[in-house]
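Laboratory data are not the source of any read-out in this text; all were calculated from the coordinates shown. Not measured: the values here are computed from a predicted model. Here the Cβ is made from the backbone with ideal geometry for all residues, glycine too, and neighbour counts use every protein chain on show.
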Amino acid sequence: MSSSPESAVTQALDEVSEETRDILQRAHQRADEIAARSRANAGELIRQAERDARETREAANREAAKTPRDGEHDAQLMTIADVQNLRRNLAAGSRGTPAEDDA
């Protein structure tokens, strides 16, 4: 009879060990599923962020192309000044007097 309580304890420990192993296996499988889903979601978020960044860069480049650069702006101002000088020179030439520089 002394072996009966010991075998009952051994059997109970075996059952608990098996249940614990099953629980741990299910938990591990669930963790793997969650990790795989998280990686898929993260991948989509990264792709969306890359698309957004590319669109933002393209929009910024389009706006930058519309904005005259410093040198271009100076060239435009010089052209306006040249036209004004030409107009004054033409006006002065028709009157027979040299044009005065406003600059």
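Side notes on the structure shown:
- FRET efficiency for the THR56 to ILE34 pair, using the beta carbon distance and R₀ = 41 Å, is estimated at 0.80.
- Computed about the Cα centre, the dipole magnitude for the range 1-67 is approximately 820 debye when only Lys and Arg (+1) and Asp and Glu (-1) carry charge, each at its Cβ.
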